[in-house]
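For reference, the structure discussed in these notes is given below.
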Amino acid sequence: MNMYFQDFKMTENNKPDLEKIAKEQHAIKLAQKEKESNYYPEKLEEFGLKTINRFVDFHPDPSKYMKLGITFGHKGMEPVAEAMANNEPWAVVSGLNPSGPLHMGHKAVFDELLWMQKNGADVFIPITNDESYVVGKTSSLAESRRIAIEQVIPSIIAMGFKAEKTKIFIDSDYMDIYNVAMDLSPHLTLNKAFGVFGFDKSEQGENPGTMFYRSGVQLAQILLPQYEEFGGPKPTLIPVGIDQHPYIQLSREVARKKGFIPPAELDLKFMWGLDGKGKMSASREESAIFLTDSPEVAKKKLKKSYTGGNPVADYQRQHGGIPEICPIYTLRTYHFESDNNVGESCSSGEILCGNCKNEAVEQTLDYLSDHQAKLPEARKRINEYILTTPIRSIFK
Ligand code: SF4
């Protein structure tokens, strides 16, 4: 039996109606595409964000993600663009939870940060092991700290960040971040925090650590580059998924009260998980290619991946696939292609999923092999990247 039909019951006397199956599958995936294509424009409007089209026209060499519309929206990016154009200091802050090794979805964000560093940014990377612990993603602070040191930080270094323009800190090691949180807390009310972070006082699940983290420490991470120790107020860019807009909005309000420049928000589309059930996430192992995956494991996940293709090959040749909802398409376009050739060949029916997956396997294994070869050297260089600067200015 053709593997494509494994989900359909088929007997000698009751053969499946291929045309019907093909049409049904195509219609389901088209509806999914329609829903997805409306999502981001609706959010831009709802949150009053702008597209980055003007920035892309204005910059002599915008990032690949910007050109492809993967980085697509912003709020308040004008001071950053000006700093870039005038070679003035600016910073970018992008943190992550160390609850497991990095995956290709993280790599997409770090690729964008590398472009920003090449364009003059000082890159701040908070490793939020306190959040991993308080929200229950790891069993102890020690465990999330161990993951940060053994897996996350070496992978970040191996991606090619310059030590002199990169400041990585593990929250629980860099205690100054909690002093900065205290310094900012008078500029925030509990009512405001409840509203923005969606805390529901009737919920049993939330603990006070979650509230302290989100309303205090997260703001401290975003505004840290504007403290005197790092040269004072400066344009700062925060790349986020669009669902994090309210957090940035809040940090802009607090920045104004503190005499800082309101941080700018830059919105990136998420990378589809291989299971087709949402964004690539460490919490659904089969959805993600981890940067530490063995070739066998990565290949198996890619071969099993959901796609935007059709179970009937002839139908796909005739009507094309639907790359906009395909994790293989996003993987290849985000990481390995310099243009949208995969999307065009897919939509026209020129390539089918089997071949497309084979190419994705080849590209991914090449990348993983190269990345993993760099890890031993990266582990030796961790201290060059770790931020230890004490924040004394808050005691003046
Ligand atoms: S041909 Fe490639 S991009 Fe198109 S649906 Fe199939 S796997 Fe996805």
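The values are calculated or read from the model by the stated rules, or taken from the named source; none is laboratory data. Note that the structure is predicted; figures quoted are calculated from it, not measured. Every residue, glycine as well, gets a Cβ built from its backbone with ideal geometry; the counts of neighbours run over all protein chains shown. What goes into the accessible areas is simple: the full protein's heavy atoms, side chains included, and nothing from ligands, DNA or RNA. Shrake-Rupley method; radii C 1.70, N 1.55, O 1.52, S 1.80 Å.
Out of curiosity, is residue 22 of a type in the set (Gly, Ala, Ser), open to solvent by less than 20 Å² (accessible area, probe 1.4 Å) and either assigned by TED's automatic domain parsing to the domain that holds residue 322 or over 18 Å from the mean Cα position of the chain (by Cα) (or both)? Yes, satisfied. Pairs linking a residue in region 43-58 that is under 13 Å from residue 75 (Cβ atoms) to a residue that is among the basic types (Lys, Arg) and buried (at least 16 other Cβ atoms within 10 Å of the Cβ), with Cβ atoms under 6 Å and 6 or more positions apart or on different chains, are 49/75. Between residues in region 306-319 that are of a type in the set (Gly, Ala, Ser) and within 11 Å of the ligand (Cβ to nearest atom) and residues that are open to solvent by 20 Å² or more (accessible area, probe 1.4 Å) and assigned to a loop (DSSP other than H, G, I, E, B), which pairs lie under 6 Å by C-beta distance while being six or more apart or on different chains? Close Cβ pairs (under 6 Å, with a partner that is open to solvent by 20 Å² or more (accessible area, probe 1.4 Å) and assigned to a loop (DSSP other than H, G, I, E, B)) amount to 313/352.
Tally the residues that are aliphatic (A, V, I, L, M), open to solvent by 20 Å² or more (accessible area, probe 1.4 Å) and within 16 Å of the ligand (Cβ to nearest atom), restricting the search to region 339-375.
If we filter region 339-375 for residues that are aliphatic (A, V, I, L, M), which is where we start, we get 342, 351-352, 360-361, 365, 368, 373, 375.
From what is left, the residues that are open to solvent by 20 Å² or more (accessible area, probe 1.4 Å) are 351-352, 365, 373.
Going one step further and asking which of them are within 16 Å of the ligand (Cβ to nearest atom), we end up with 351-352.
So the count comes out to 2.
Conditions tested, residue by residue: (1) more than 23 Å from residue 51 (Cα to Cα); (2) free of Cβ contacts under 8 Å to residues at least 60 places away in the same chain; (3) within 16 Å of the ligand (Cβ to nearest atom); (4) not in a loop (DSSP other than H, G, I, E, B).
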site	(1), (2), (3), (4)
222	no, no, no, yes
244	no, yes, no, yes
275	yes, yes, yes, no
281	yes, no, no, no
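Can you work out which of the residues in region 132-149 that are part of a helix (DSSP H, G or I) and of a type in the set (Gly, Ala, Ser) is farthest from residue 211 (Cα to Cα)? Full working, then the answer.
In the first step, residues of region 132-149 are kept if they are part of a helix (DSSP H, G or I); the result is 132-134, 141-149.
Then keep just the ones that are of a type in the set (Gly, Ala, Ser); that gives 132, 142, 144, 148.
On the way: 132: 13, 142: 21, 144: 19, 148: 22 Å.
That would be 148.
Starting from residues that are farther than 30 Å from residue 258 by Cβ and touching a helix residue (DSSP H, G or I) at 6+ places or on another chain (Cβ under 7 Å), keep the ones in region 376-396 and report whichever is most open to solvent (accessible area, probe 1.4 Å).
To start, the set of residues in region 376-396 that are farther than 30 Å from residue 258 by Cβ comprises 376-384.
Filter once more, so that each one left must be touching a helix residue (DSSP H, G or I) at 6+ places or on another chain (Cβ under 7 Å): 378-379, 381-382, 384.
Details: 378: 5, 379: 115, 381: 74, 382: 26, 384: 98 Å².
So the residue we want is 379.
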